[in-house]
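No value in this document is a laboratory result; all are computed from the given coordinates. None of the values given here were measured: they were computed from a predicted structure. Don't worry about glycine lacking a Cβ; one is built from the backbone with ideal geometry, like all the others, and counts go over all protein chains shown.
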Amino acid sequence: MTADLLAGRSFAVLGAGKIGSLLVRSFLAQGLVTAERLRATVRRPERAQVLGRELAVVVSTDNVAATRDADVVLLCVKPQTVPGVLAAIRPELGPGKLVISVAASVPTEYIEQHVGAGVPVVRAMPNTPCAVGSGMTGLCAGRSAQPAHLETARALFQAVGRTVVVEERLMDAVTGLSASGPAFLYVVLESLIDGGLKVGLPRDVATLLAAQTMLGAARMALETGDHPALLKDAVTTPAGCTIDGILELEEGKLRVTLIKAVVKATERAGQLLVRA
Ligand SMILES: NC(=O)c1ccc[n+]([C@@H]2O[C@H](COP(=O)([O-])OP(=O)(O)OC[C@H]3O[C@@H](n4cnc5c(N)ncnc54)[C@H](OP(=O)(O)O)[C@@H]3O)[C@@H](O)[C@H]2O)c1
């Protein structure tokens, strides 16, 4: 199904920064796209040279040329840069080309207004674990996007992790939870490692123990479908060690802090676009 939807298509990744270049690497590694059928762009010519060598694809600063040759255009620039890039590439777009935007906080309606009538637009919110095939991407379709367009976007991101289709009004929440989420969890991970160091574990051992535990706990939640409270209870024996640790977490307000982190990141996601 993935191969059918993507076979023979040409791609442009406009703004091959952190997320754009990570997606290019992953799509190439997964064989979803061939280097010959992919063009990427950045802002600085010197960066284009370095990245072109690194990725072994054509990287330029010319968004218009990259878009002209593409069937699918992935917009991976910062929200503030979106208006300028859309204005430049508009003449190259039409109903036969699909625009997939990963820019946080930029609604499909805004993109549609700037790319002209009938151009299909899909909004995607991936996260950095796409780099290791464990990404999480929220997707929603704009007004001119047909189910096949959404499926094409889904096929791309499904190859580098899991996907979920949501109503567009929830995309800022997806940004605040799963796009920002890896950073929150790295803070938790780093803290667990520091805890391991404090009780005498070598750093490499503490890192392995903490990271594999985080991975395992997440897989338990996904694969059993059990409520996290139930999974927590299975670890927590009466008068055992875990309940002492949980008491510390509650006193330190870990729950409320994480909830507020998601709320704040979601609110910020709604404020990023500079309207042109
Ligand atoms: N990072 C994440 O985890 C993540 C997750 C989901 C969505 N996003 C979204 O992805 C977008 C990019 O974020 P990022 O973290 O990857 O930022 P980033 O690393 O700063 O990447 C932005 C890229 O855009 C390039 N650029 C700037 N102006 C351009 C122009 N006019 N034409 C072509 N390329 C241009 C920059 O080029 P230079 O390299 O030459 O400066 C850079 O490579 C944002 O809209 C963000 O909301 C990010």
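Some observations on this one:
- Hits among lysines - C-alpha to C-alpha of K97 under 26 Å, sequence gap 8 or more where chains match: K18, K78
- Within the straight-line cut-off of under 23 Å between alpha carbons, the lysines reachable from K253 are K198, K232, K264, sequence neighbours fewer than 8 places apart in one chain being disregarded.
- Full extension of the chain segment joining E54 with T257 gains 69.1 nm, where the gain is 0.36 nm per residue of separation less the Cα-Cα distance.
- Kirkwood Rh, Cα atoms: Rg over Rh of the chain: 1.03
- Taking label points 7 Å from Cα along the Cα-to-Cβ direction, L247 and Y186 give a separation of 3.5 nm.
- Once the chain from V205 to R268 is taken as fully extended at 0.36 nm per residue, the excess over their C-alpha distance is 19.0 nm.
- Modelled spin-label separation between V164 and E109, with each label point placed 7 Å from Cα along the Cα-to-Cβ direction: 2.4 nm.
- If the chain linking R143 and L28 were pulled fully straight, counting 0.36 nm for each residue of separation and taking away their Cα-Cα distance, it would gain 38.4 nm.
- Region 1-101 shape via C-alpha gyration tensor axes, a/c threshold 1.5: oblate
- Cα gyration tensor shape of region 181-269, rounded if a/c is under 1.5, else prolate or oblate by comparing a/b with b/c: rounded
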